[in-house]
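Structure below; questions to follow.
The values are calculated or read from the model by the stated rules, or taken from the named source; none is laboratory data. It should be emphasised that the depicted structure is a prediction, and the values quoted were computed from it without experimental measurement. Counting neighbours? That spans all protein chains shown, and the Cβs are built from the backbone with ideal geometry, glycine included.
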Amino acid sequence: MIVQWSFGSGQNDQWKPVLNGNGTYTFYNRKSGLVMDGPGASTSSGTQMIQWSASGGANQQWNVINK
C-alpha cells in the first residue's frame with residue numbers, strides 16, 4: 001500500500017507504475033518525475049519511502065500484490 005499524507009488530489013500525490021522487464025514495477029511521481037525509493041537497504045515494516053532519482057536499484061523495484 002502506498003500512503004502519502006494530506007492527499008489533495010494534486011499531481012504530487014499521484015504515482016504512475018511502470019512495468020520493468022523483470023516483472024517488478026517502478027513508481028514515478030507524476031509531478032516531480034522522481035521514483036519511489038526505499039532508503040538504504042531497509043526492509044523494516046513502516047519504513048518511510050522517499051522520492052529519489054531513478055537508478056534501477058532493487059530499492060526502487062516493487063511487486064504489486066492484490067489482496
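Search region 46-63 for residues that are in a loop (DSSP other than H, G, I, E, B) and among the small types (G, A, S) and pair each with any residue that is surrounded by fewer than 17 Cβ atoms within 10 Å (Cβ to Cβ) and modelled with pLDDT of 90 or more when their beta-carbon atoms are under 8 Å apart and the residues are at least 6 apart or on different chains.
Going by the 8 Å Cβ cut-off, the qualifying pairs are S53/L34; A54/L34.
So which residues in region 20-44 are over 12 Å from A54 (Cα atoms), of a type outside the set (S, T, N, Q), out of contact with any strand residue (DSSP E or B) (no Cβ under 6 Å at 6 or more places or on another chain) and at pLDDT 90 or above, if there are any at all?
Residues satisfying the conditions are G21, G23.
Could you list, in sequence order, all residues of region 51-67 that are surrounded by 13 or more Cβ atoms within 10 Å (Cβ to Cβ) and of a type in the set (A, V, I, L, M, F, W, C)?
W52, A54, W62
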